[in-house]
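Have a look at the structure below, then the notes.
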Amino acid sequence: MNGAPMIRDRKQDEPGTTGKTIPLESAIGHVTGAAEFITDIPARSDELCVGFVGSTTASGRIVEIDVTAARACPGVALILTAADLPAARRFGPLQSDEPVLAEEEVLFIGQPVVLIAADCPATLDRAKNLVQVRIEATEPTLSVDDAIARQRFLGPERRFHQGDAAAAMATAPHVLEGVFHSGGQEHFYFETQAALAIPGEDGQITIHSSTQGPTEIQRVVALVLGIGMHQVVVTCKRMGGAFGGKETQGTSPAVLVALVARATGRAARIAYGREEDGESTGKRHPYRSEWQIGFDDAGRILAYQVTMHSDGGAGLDLSPSVLERSMFHADGAYHIEHIDIRGRVCFTNHPPATAFRGFGGPQGVAVIENAVQEMAIHLRESNPTSPTAADIQRLNLYGTDERNVTPYGQVVHENHLHEIVDQVLERSDHDRRLAEIERRNANDPLWLRGIAMVPVKFGLSFTSKMMNQANALVLAFTDGTVQVSTGGTEMGQGLNTKIRQLVADVFAIAPESVAIMTTSTEKNNNTSPTAASASTDLNGAAAVSAARTIRARMSEWATRRFNAKTSSDTPSEAGDDRDRIVFEDGHLFDRRDPSNRMSFPDACRDARMDRIDLGARGFFATPRIDFDHETEKGSPFYYFAQGATVAEVRIDRFTGELSVPRADVLIDVGRSINPGIDRGQLVGGFVQGMGWVTNECLVHDEQGRLLTTGASTYKIPAASDVPPVFNWDFFSTDDRVTAIAGSKGVGEPPLLHAIAVWSAAKHALSCASGSAARRLHLPASAEAIRHALG
């Protein structure tokens with residue numbers, strides 16, 4: 001793997017750690033096995049094992065639930081059905097439409113029906129096998145096509161538009177149209193869904209949860225138990241991966257153990273098995289997108305219409321928000337004067353689909369990149385000298401001073417798409433390789449090769465304005481060490497490490513002197529989930545705000561102390577003392593008289609003796625974002641992350657097997673807080689995206705049962721799938737990025753870059769025949785490629 005980033009680590013002798021690579025704060029714990037996850041927390045002597053009996057039918061009416069034999073099983077402490085629930089029986093992040101336990105009907109295979117708590121896993125398994133659930137099956141809705149035909153939707157249609165797409169389409173010299181399908185994706189986090197509930201005094205309860213959203217867990221547990229949120233504490237030390245799959249999906253296991261703990265007064269723990277997790281939890285949304293595009297001979301897009309239908313599963317979950325982000329990204333990186341974007345969520349009898357890295361953005365971008373490839377195929381079929389796909393892409397990119405307003409009315413500021421695209425095309429030697437690949441394809445009976453470029457413009461922020469806020473608690477101690485608590489959760493992405501660096505730099509101390517504490521609703525209230533690639537922007541800014549409050553108090557105190565030391569009775573003129581106290585290299589000193597100096601630990605100790613408050617809360621709310629859902633216009637994003645990728649694929653003509661021999665990625669991350677962590681996010685996100693666009697296929701049988709529930713049947717990328725030539729780079733700018741430390745979110749954008757791999761596969765098939773390329777949908781699995789080749 002190659003790549004020397006343009007944004008290099010700051011030199012080690014430069015002050016501060018922001019901009020330098022330091023190891024992930026829990027790296028040693030991960031590699032030694034000492035890092036603690038939910039199943040590693042020592043069991044209490046009274047602890048119960050919790051599980052559930054799930055529906056074996058995708059759609060049906062519950063006729064009878066017989067738990068008599070299971071209840072009589074020795075070691076079974078509790079069995080609950082929907083009729084036994086103490087308060088709310090439904091929950092959901094946007095609408096309470098998901099049953100805690102199925103009551104009158106079942107809506108998907110794996111839906112919890114009966115809750116069981118037992119003294120050990122073996123007893124739990126025996127009891128589950130003794131439960132009898134009789135269901136009268138009804139005809140399920142198992143695809144988006146079925147849902148459309150039956151008019152089964154979750155919510156109304158949404159629409160963004162500008163110009164007059166229909167009129168422009170009617171006069172366009174060329175018009176193409178089609179239906180594009182993109183598949184779902186399993187999160188396949190290493191740690192499955194897990195939670196531990198511990199009852200406390202006065203009706204209180206503590207939940208240890210593997211979750212991206214502690215506040216949501218707190219809210220729903222209180223709702224289902226019929227108690228106040230003040231009686232529920234939710235903590236999360238870390239997760240063993242999440243990728244969006246624990247933004248809302250961790251709620252159900254947390255509620256189940258809370259019910260057991262409340263009813264029995266005993267600790268209760270649940271950890272899904274891999275197959276159980278795969279069968280009962282939500283995935284990335286599959287999409288069916290009808291598109292139509294009008295363009296001229298030069299490849300200028302004159303009009304674009306797209307109607308997206310997503311598979312939301314059997315509950316709302318976050319599907320409307322995911323669809324909205326798909327619509328926000330339906331234009332890709334292209335300015336289209338006349339555009340009409342519509343979308344609607346469909347009901348199916350699958351587990352409610354949920355957040356996944358990119359949160360709908362990849363599905364929107366994939367459709368227009370498919371259309372661009374179709375444009376190039378169409379033009380070059382009649383004239384081989386017509387523009388290539390890369391020519392078309394560059395021609396239609398957003399501009400800087402003009403052609404810079406999105407279909408939803410936001411101006412694309414600080415646009416570097418043209419520079420990035422030009423650089424990645426040049427560095428990858430795209431044009432020469434394209435000509436060579438097409439020449440070789442014409443003469444090679446065994447292999448097909450393809451190459452494609454995809455530009456990326458990804459909006460950063462939660463699209464719900466309310467969620468763009470965070471608070472933090474910073475505590476400095478008399479030995480000069482610091483604790484930081486935020487609402488952000490760590491899932492391996494390096495959030496805690498970056499916050500550690502940011503706070504250390506405020507006080508000019510070593511990162512090792514800063515500890516990031518377990519996330520807890522007891523310390524940080526009303527928090528947003530760790531998602532949307534915005535968690536460093538939000539939680540980092542809140543932590544820095546709190547740290548600066550403490551630093552300001554210490555500065556005022558030190559000014560008085562140094563004044564007294566020099567016996568200065570002369571009042572300072574207004575403004576003289578601003579920035580007078582310098583924090584540097586673990587010390588404080590007086591800018592006027594550097595001999596007035598003390599170490600940070602000494603300053604903390606002495607400030608406490610003088611009764612200076614060394615603790616503070618910080619708060620941050622993202623500015624300049626707003627979106628009017630009545631007019632469908634506004635600025636939902638704080639900024640855009642940009643980039644481009646050129647990918648090459650090689651396909652076995654006989655088996656359809658695809659490999660990626662080379663990829664060139666250029667991505668804008670602003671001014672990196674930790675280049676090493678950002679490199680990991682770039683590579684990991686891109687490879688996960690490769691999985692989505694190639695081999696990761698969710699396969700169901702005719703009854704709606706998921707067949708790909710584990711590593712033996714569901715193929716995620718392996719280390720051997722990483723391109724052997726992988727050139728990646730950070731794009732350097734002097735933009736005045738207003739996010740914390742001038743950085744940009746890097747969690748989700750890299751995944752969209754992998755769409756270039758799918759586009760390269762489409763280009764390869766187009767060298768066999770235009771009809772073969774047109775048959776390719778996403779993912780481009782070996783089976784799909786063989787089918788396309790006929």
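The values are calculated or read from the model by the stated rules, or taken from the named source; none is laboratory data. Only a predicted model underlies this, so the values are computations on that prediction, with no experimental measurement involved. Every residue, glycine among them, receives a Cβ derived from its backbone with ideal geometry; neighbour counts consider all protein chains shown. Side chains included, ligands, DNA and RNA excluded: accessible areas come from the protein's heavy atoms. Shrake-Rupley method; radii C 1.70, N 1.55, O 1.52, S 1.80 Å.
Picking from H309, Y334, H378, whose Cα lies most toward the positive end of the charge dipole for segment 305-380 (charges on Cβ: Lys, Arg +1; Asp, Glu -1)? After comparing all options, I get H309.
Taking only DSSP H segments of four or more residues, each worth -39500 (n - 2.57), what value at 222 nm results for the chain once the sum is divided by all its residues, to the nearest 500 deg cm²/dmol?
-9000 deg cm²/dmol
Classified by the C-alpha gyration tensor, segment 347-422 has an oblate form. Its axis ratio a/c, with a ≥ b ≥ c, is 1.5 or above, and a/b does not exceed b/c. For segment 469-621, the percent of C-alpha pairs falling in each 5 Å distance bin, counted from 0 to the bin holding the largest distance, reads 2, 10, 19, 20, 16, 12, 9, 6, 4, 1, 0. A 1.4 Å probe run over the chain, with the rest of the protein chains in place, finds 38 Å² accessible per residue. Radius of gyration (Cα atoms) of the chain, expressed as a multiple of 2.2 N^0.38 Å: 1.01. On the beta carbon distance between V175 and R403, with R0 = 30 Å, the FRET formula returns roughly 0.85. Distance between the 7 Å Cα→Cβ label points at A435 and R150: 5.6 nm. Between T138 and R89, the FRET efficiency estimated from the beta carbon spacing at R0 = 25 angstrom works out to 0.75. Carbon-plus-sulfur accessible fraction, the chain (probe radius 1.4 Å, protein heavy atoms only): 49%. Projected onto its three principal axes, the C-alpha set of segment 423-486 covers 74, 35, 26 Å, listed from the longest axis down. Semi-axis lengths, largest first, of the ellipsoid equivalent to segment 634-790 are 32, 18, 15 Å, with √(5λ) applied to each eigenvalue of the Cα gyration tensor.
Charge dipole of segment 318-391 (Cα centre as origin; +1 on each Lys and Arg Cβ, -1 on each Asp and Glu Cβ, all else neutral): 360 debye, rounded to the nearest 20. The label point for H413 and the one for Q703, both projected 7 Å from the Cα toward the Cβ, are 5.7 nm apart. Sort segment 666-740 into rounded, prolate or oblate with this rule: let a ≥ b ≥ c be the square roots of the eigenvalues of the Cα gyration tensor; rounded if a/c is under 1.5, and if a/c is not under 1.5, prolate when a/b is larger than b/c, oblate otherwise. Here segment 666-740 falls in the prolate category. In plain terms, the chain from T655 to D66 could stretch by 207.1 nm, reckoned as 0.36 nm per residue minus the Cα-Cα distance.
Summary value for the chain: 16 percent relative contact order, contacts being C-alpha pairs under 8 angstrom separated by 6+ residues. Note on segment 200-268: Rg/Rh from C-alpha atoms, Kirkwood Rh, equals 0.96.
Dipole size of segment 469-621 about its Cα centre, with +1 on Lys/Arg Cβ and -1 on Asp/Glu Cβ: approximately 200 debye, rounded to the nearest 20. Here the alpha carbons of segment 307-358 define both size measures, Rg and Dmax, at 12.3, 39 Å. Magnitude of the charge dipole for the chain, about its Cα centre and with charges confined to Cβ atoms of Lys, Arg (+1) and Asp, Glu (-1), is about 780 debye.
If you bin all the Cα-Cα distances of segment 107-201 at 10 Å, starting from zero, the percentages per bin are 8, 20, 26, 20, 13, 7, 6, 0.
Projecting the Cα atoms of L778, G685, I651 onto the charge dipole of the chain, computed from C-beta unit charges around the Cα centre, puts G685 farthest toward the positive end. If R0 equals 25 Å, the separation of the Cβ atoms of A564 and T478 corresponds to a calculated FRET efficiency of about 0.75. Altogether, the Stokes-Einstein calculation at 25 °C and 0.890 mPa s, with the Kirkwood radius of segment 205-317 over Cα pairs as Rh, returns a diffusion coefficient of 145 µm²/s. Put a dot 7 Å past the Cα of E783, heading toward its Cβ, do the same for N129, and the two dots end up 3.1 nm apart. Figure note: S513, S310 ranked by solvent-accessible area, largest first, 1.4 Å probe, ligands and nucleic acids not counted: S513, S310.
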